[in-house]
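Structure record follows, encoded as structure tokens.
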Amino acid sequence: MSEFLPANALSESRTTLSRLRDAMRVRIKGKEDVIDQALICLAAGGHVLIEDLPGVGKTTLAYCLAKAMDTEFKRIQFTSDMLPTDVTGVSIYDERDREFHFKPGPIFSNIVLADEINRATPKTQSSLLEVMDHGKVTVDGSTHEVGTPFMVIATQNPVDYEGTFPLPESQMDRFLMRLQMGYPDPASELEILADGNPSYDEMVIEDAVEPAAIEVMQATVKKVFIEHSILEYMLKLITATRTESEFKAGISVRGGIALKVASQARALYLGRDFVIPEDVMQVAQAVMGHRLNLRRPSSDALEERRMVEGILSRLLNAIPQPK
């Protein structure tokens, strides 16, 4: 047990994560790895982008995670005619007291589902930059806290380009992880088809986790010990992306910090109070893949993603792990 981690913090956090995982498994079938990654992202206090084809369970995953917690949840359906104030809120003039009063937008919640985020214009997308980075919203010169815990779960279809606006690099960098659902295995899909109540709108999850337990878990992640040699290993990997000729640009400093905290969260998720090289390797693709672009981009988004993942795998295999 690390001297930086309270004696009971590890067991309490593991209990919290176990309750969340069991609750999500009730509805999400055959996607244990995706559930694990989503919970690691939550533990790290980050935001997640779920990018995949329609109808594979992106929104269901977001609903399950939100329902598993006894927190406030709101869904924002992004469209091309949305304005930034539709997300953040607006100041309204009250004639009775002759003052402006701030009316909070749907971003003021604990878990926010930004559905089809790339269908909004860049101006509307930019309304998420501050709140995803600092947990605050500034409107008319006044700053408002959104509260804790706070997590944005965004979804987008990487194939359908009609009526969409690709997320800029600054927006992608705000997401701790990018996940893909994929199709379930035949046995799990058969179980889904046999389910008489597949709608997530009527989902009821008992024994939801209270917000205080989530905050304790997220604070515990930051105390998970990382040996100096593993930090050097992370830096070598980050530097390798910056010198790789196939990439337009390498991982940013924010991306490096994301890799560190995600590795700490995975260690805690597996019941350890220290990080090992395998933690770094297992989260690297989800944390780094969406932050990298090819110098010669492909017209096929899925093919470009596979190429980036292939180069990352090569770098991970080429850099020796600390003993």
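Just going by the charge dipole of the chain, with Lys and Arg at +1 and Asp and Glu at -1 on Cβ, which of 114, 190, 165 is farthest out on the positive end?
165
Protein chains only, probe 1.4 Å: how do 17, 235, 193 rank by accessible area, largest first?
The ordering from most to least exposed comes out as 193, 235, 17.
First check a/c for the chain, with a ≥ b ≥ c the square roots of the eigenvalues of its C-alpha gyration tensor; if it is under 1.5, answer rounded, and if not, answer prolate when a/b is larger than b/c or oblate otherwise.
Here the chain falls in the rounded category.
Can you give me the accessible area per residue for the chain, using a 1.4 Å probe, in Å²?
With the other protein chains kept in place, the chain gives 48 Å² per residue.
How big is D, in µm² s⁻¹, for the range 82-188 by Stokes-Einstein at 37 °C and 0.692 mPa s if Rh is the Kirkwood radius over C-alpha pairs?
My calculation gives 211 µm²/s for D.
Take every DSSP beta bridge whose two residues both sit in the chain, then give the antiparallel share in percent to the nearest 5.
40
Return the subset of 74/103; 223/323; 236/260 for which the Cα-Cα distance in this structure is over 19 Å, preserving the input order.
Distance filter (> 19 Å) returns 223/323.
What FRET efficiency comes out for the pair residue 25/residue 210, r = Cβ-Cβ distance, R0 = 25 Å, nearest 0.05?
Efficiency for this residue pair is about 0.80.
Label the range 1-108 by shape, choosing from rounded, prolate and oblate, from the square roots a ≥ b ≥ c of the eigenvalues of the Cα gyration tensor; if a/c is under 1.5 it is rounded, and otherwise prolate applies when a/b is larger than b/c, oblate when it is not.
oblate
Roll a 1.4 angstrom probe over the protein heavy atoms and tell me the percent of accessible area of the range 105-251 that is carbon or sulfur.
54
Determine, from the Cβ-Cβ distance of residue 83 and residue 321 and an R0 of 51 Å, the FRET efficiency 1/(1 + (r/R0)^6), rounded to the nearest 0.05.
After rounding to 0.05, the efficiency reads 0.55.
Roughly how big is the range 190-323's charge dipole about its Cα centre, with Cβ charges of +1 (Lys, Arg) and -1 (Asp, Glu), in debye to the nearest 20?
Magnitude of the dipole: close to 1200 debye.
Could you sort 169-180, 280-291, 122-133, 139-150 so that the peptide with the highest average Cβ count within 10 Å comes first and the rest follow in order?
The packing order, highest mean first, is 280-291, 169-180, 122-133, 139-150.
Stretched out fully, how many nm does the piece from residue 126 to residue 15 gain, at 0.36 nm a residue minus the Cα gap?
Between residue 126 and residue 15, full extension yields 36.3 nm more.
For 34, 204, give me the order by solvent-accessible area with a 1.4 Å probe, most accessible first, ignoring ligands, DNA and RNA.
These residues rank, largest area first, as 204, 34.
The values are calculated or read from the model by the stated rules, or taken from the named source; none is laboratory data. Keep in mind it's a predicted model, so treat the numbers as computed, not measured. Neighbour counts run over all protein chains shown; Cβ positions are idealised from the backbone, glycine included. Just the protein is used for accessible areas: all its heavy atoms, side chains included, with ligands, DNA and RNA removed. Shrake-Rupley method; radii C 1.70, N 1.55, O 1.52, S 1.80 Å.
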